[in-house]
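Participant: Below is a structure I'd like to ask you about.
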Amino acid sequence: MSDYSMTIGGQAVGGGASFAVLNPATGQVTARAPECSRAELDSAMAAGQQAQAGWQADAAARRAALAALAGAVEADAAGLARLITQEQGKPLREARSEVGDAIGDLRYFAALQLEPARVGSGHPAVSVIRRPVGPVAAITPWNFPLGTVMAKVAPGLAAGCTMIVKPSPHTPLAALRLGELARGILPAGVLNVISGSNEVGEWMTSHPVPRMVSFTGSIATGKRIAAAAAPDLKRVTLELGGNDPAIVLDDVDVADVAAAVFDNAFSNCGQVCVAVKRVFVPDHLHADFTEALAERARAAKVGDGQDEDTQVGPLCNQMQFDRVRELVSDAVAAGAKVAAGGRPAGGPGYFFEPTVLSGIGDETRIVAEEQFGPAIPVLPYRDVADAVRRANGTHFGLGASVWTSDPERGAAIAPSIESGTVWVNTHQSAVPGQPFGGLKHSGIGVEGGTWGLEAFTDVQVVHVRDRA
Ligand code: NAD
């Protein structure tokens, strides 16, 4: 029996099969969530399809409903943050900030409008209109259980699309709660939230109803989704994995920059698509920088995210814990020097010591692959051209950062870096309206800002002459 219900056509659904959701800090079952059946998915799709015309027709009603939903999420913010920590593991402070960002997304998109563009002199009258694509299948990962959902739901609904949302089976609870909150606020069928296995995701991408799949997750799954969406030409937005380089220049204050890089590598236990995942440091600063980073790693308080003083929580699940352990062991076998951590931090949860590695080459798996965990390699470089070449020497292209006491020097390097975002003296930061997406295998399309809203629309041209 499930402790949570899905939201389909404005109703609570989910008396059938269920699956266990574990608390990563304990490895124990924290709740059971509904396993969506094929028939339930079909009704969610039908509900989205039926609600589409009405939702699309009234922009003012949409704006009011989204603002009301933001109020309901805000009223439940403390509970949602606890739920996120309970199912995902991150420190409560980070979970609160995730909820705050989700509320910000709703309010931002509730207020954003896409105006028709005029083309030509006015005779004939040619306008370019943005039409919602239609029902959207949204599929999300486990690292930001509410944040990745809201990054789709807020612009998708604002654009006039109805949505059928499936969060990760590791972390379905915050999204299911969002569905509950929306029940009395959005018209029935506008936001359908289901939960279930990867197979449910496959049913969604090959289903005839959605006109778009908005996906956040791994590159491997992103490729499968692009292939599954091709036969009936669904639009796709793919926000995929990263292996972000931080390039530290020779003019930095080592202690300050190591502190900032540490935060950007280890927040959410390193499970952030745009976490710093490789650090490039000039030869002569390499030893000092590695030690400064290692000092932070040794001092970080690892523990249950529910404890207010925890800095680094557990990995989210057994699979990710095993992967990080395997990549660290592989690096050690390849001759890595372990400057900090290097081992599991003791169970029963999925805790791993914050780990800093040096003495390995770019071909080592933890450098070449996305580790998505609390372990960071520090790599010496000869000159900036060498660092940029190696930063680009990958099929990833999500984010990157340059760290320097001369911001203009940093900004001048940005165009040579192949990534969707290049930060200077920060990483992961965003202001409202800033788009986000990946180059190369890190994605197709963007989320955020006007560009992210347009992604849920098709272009329609209306060309009017006074007479034939
Ligand atoms: P994942 O690809 O394993 O799963 C993501 C979602 O896809 C889950 O809901 C899953 O059930 C579903 N799914 C799995 N197989 C499917 C299939 N064949 N068809 C349809 N749906 C399917 O990813 P994950 O392990 O949950 O997430 C971690 C990855 O997500 C990392 O690579 C990380 O970098 C990436 N990520 C990217 C961003 C971004 O915005 N670029 C943000 C967060 C996470």
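The values are calculated or read from the model by the stated rules, or taken from the named source; none is laboratory data. Just so it is clear, the model here is predicted, and its values are computed rather than measured. Methodologically, a virtual Cβ is constructed for each residue, glycine included, from the backbone with ideal geometry; neighbour enumeration extends over all protein chains shown. Only protein heavy atoms, including side chains, enter the accessible area calculation; ligands, DNA and RNA are left aside. Shrake-Rupley method; radii C 1.70, N 1.55, O 1.52, S 1.80 Å.
Participant: To the nearest 10 square angstrom, what accessible area does Leu249 show with a 1.4 Å probe?
Facilitator: Here the residue's solvent-accessible area equals roughly 0 Å².
Participant: Separate question: How large is the Kirkwood hydrodynamic radius of the chain, counting all unique pairs of alpha carbons, in Å? Please report the intermediate quantities before stating the final value.
Facilitator: Working: mean 1/r = 0.0436 Å⁻¹.
When all Cα pairs of the chain are included, the Kirkwood radius is 23.0 Å.
Participant: OK, next. Is there a quick way to get the dipole size of the chain? I mean about its Cα centre, with the Cβ of Lys and Arg at +1 and of Asp and Glu at -1; what is the value in debye to the nearest 20? The partial results should precede the final answer.
Facilitator: Details: 38 positive and 49 negative charges, 300 e Å.
With only Lys, Arg, Asp and Glu charged at Cβ, the dipole is about 1440 debye.
Participant: Ignoring everything but the protein chains, give the 1.4 Å probe accessible area of Arg298 in square angstrom, nearest 10.
Facilitator: 130
Participant: What order do Cys273, Cys161 take when sorted by accessible area (1.4 Å probe), most exposed first?
Facilitator: Working: Cys273 35, Cys161 0 Å².
Heavy-atom accessible area, descending, gives Cys273, Cys161.
Participant: Still on this model: To the nearest 0.05, how large is the calculated FRET efficiency for Val461 and Gln434 if R₀ is 35 Å and r is the Cβ-Cβ distance?
Facilitator: Values: r = 29 Å, r/R0 = 0.83.
Taking R0 as 35 Å, the efficiency between Val461 and Gln434 is 0.75.
Participant: In segment 255-282, which residues have a backbone nitrogen under 18 Å from the label point lying 7 Å from Lys337's Cα in the Cα-to-Cβ direction?
Facilitator: Taking a point 7 Å out along Cα→Cβ of Lys337, the residues of segment 255-282 whose backbone N falls under 18 Å are 255, 258, 279-282.
Participant: When only Cα pairs under 8 Å and 6 or more residues apart are kept, what is the percent relative contact order across segment 141-268?
Facilitator: Here the relative contact order equals 19 percent.
Participant: From largest accessible area down, sort Ser97, Ser5, Ser405; use a 1.4 Å probe on the protein chains.
Facilitator: Values: Ser97 60, Ser5 25, Ser405 85 Å².
Most to least solvent-accessible, the answer reads Ser405, Ser97, Ser5.
Participant: Which value, in Å², gives the accessible area per residue of the chain when a 1.4 Å probe is used on the protein heavy atoms?
Facilitator: 39
Participant: Under 13 Å Cα-Cα from Lys277, which aspartates and glutamates qualify once same-chain neighbours fewer than 8 residues away are excluded?
Facilitator: List returned: Asp244, Asp263, Asp362, Glu369, Glu370.
Participant: Roughly what % antiparallel, to the nearest 5, for the DSSP beta bridges in the chain? Mind dumping the intermediate values first?
Facilitator: Values: 29 of 64 bridges.
Percentage antiparallel, nearest 5: 45.
Participant: Oh, and also: In whole percent, what relative contact order does segment 62-156 give with Cα contacts below 8 Å and a gap of six or more residues?
Facilitator: Numbers: 88 pairs, mean separation 29.5, N = 95.
With pairs under 8 Å counted, the relative contact order is 31 percent.
Participant: While we're here: So how long is each side of segment 208-319 along the principal axes, counting just the alpha-carbon atoms, biggest first, in Å?
Facilitator: Answer, in whole Å and largest first: 56, 37, 20 Å.
Participant: Counting only protein heavy atoms, what percent of the accessible surface of the chain is carbon or sulfur at a 1.4 Å probe? Walk me through the numbers before you get to the answer.
Facilitator: Details: 9770 of 18140 Å².
Answer for the chain: carbon and sulfur cover 54 percent of the accessible area.
Participant: In addition: Taking the simple approach of a point 7 Å from Cα along Cα-to-Cβ for both Ala64 and Ser405, what is their distance in nm?
Facilitator: Computed distance between label sites Ala64 and Ser405 equals 5.8 nm.
Participant: If you line up the long axis of helix 173-182 against the longest principal axis of the chain, both from Cα atoms, how many degrees apart are they, to the nearest 10?
Facilitator: Compared with the principal axis, the helix lies near 30 degrees.
Participant: Find how many whole Å separate the alpha carbon centroid of segment 240-310 from the alpha carbon centroid of segment 57-112.
Facilitator: 29
Participant: My understanding is that a pair violates if its Cα-Cα distance is over 28 Å; which of Lys90/Lys234; Lys90/Lys166; Lys337/Lys440 do that in this structure?
Facilitator: Working: Lys90/Lys234 34 Å; Lys90/Lys166 21 Å; Lys337/Lys440 31 Å.
In this structure, Lys90/Lys234; Lys337/Lys440 lie more than 28 Å apart at Cα.
Participant: Just to be sure I understand the model, the point goes 7 Å from the Cα along the line to the Cβ. What's the resulting Ala75 to Glu369 distance in nm?
Facilitator: With each label placed 7 Å out from Cα toward Cβ, I get 4.7 nm.
Participant: Distance from a point 7 Å along Cα→Cβ of Asp253 to each backbone N in segment 400-415: keep the residues under 13 Å and list them by number.
Facilitator: Residues 404-406 qualify, since their backbone N sits under 13 Å from the label point.
Participant: Ignoring the sites themselves, what is the longest stretch of the chain with no GluC sites (Glu not before Pro) in a DSSP loop and at most 16 other beta-carbon atoms within 10 Å? Spell out each step's value before the answer.
Facilitator: Values: sites that count: Glu308, Glu363, Glu369.
That gives 1-307 as the longest site-free run.
Participant: Follow-up question, since we're still on this one. Quick one: which of 276-282, 108-114 comes out on top by average Cβ neighbours within 10 Å, and what's the full order, highest first?
Facilitator: Working: 276-282: 26.3, 108-114: 18.3.
Order by mean packing, descending: 276-282, 108-114.
Participant: How charged is the neighbourhood of Met150? Take every other residue with its Cβ under 14 Å from the Cβ of Met150, and add Lys/Arg as +1 and Asp/Glu as -1.
Facilitator: -4
Participant: How charged is the neighbourhood of Gly305? Take every other residue with its Cβ under 13 Å from the Cβ of Gly305, and add Lys/Arg as +1 and Asp/Glu as -1. Please list the in-between numbers first.
Facilitator: Numbers: positive: Arg82, Lys90, Arg93, Arg96, Lys301; negative: Glu87, Glu94, Glu98, Asp304, Asp307, Glu308, Asp309.
In short, -2.
Participant: Here's something else I'd like to know. Mind checking segment 356-427 for chymotrypsin sites (Phe, Trp or Tyr not before Pro) that DSSP puts in a loop (not H, G, I, E or B) and that have at most 11 other Cβ atoms within 10 Å?
Facilitator: Values: sites: Phe372, Tyr381, Phe396, Trp403, Trp423; in loops: Phe372, Phe396.
Here no loop site has a sparse enough neighbourhood.
Participant: What does the highest-first list of 310-320, 216-226 look like by mean Cβ count within 10 Å? The partial results should precede the final answer.
Facilitator: Values: 310-320: 22.9, 216-226: 19.0.
Going by the mean number of other Cβ atoms within 10 Å, highest first, we get 310-320, 216-226.
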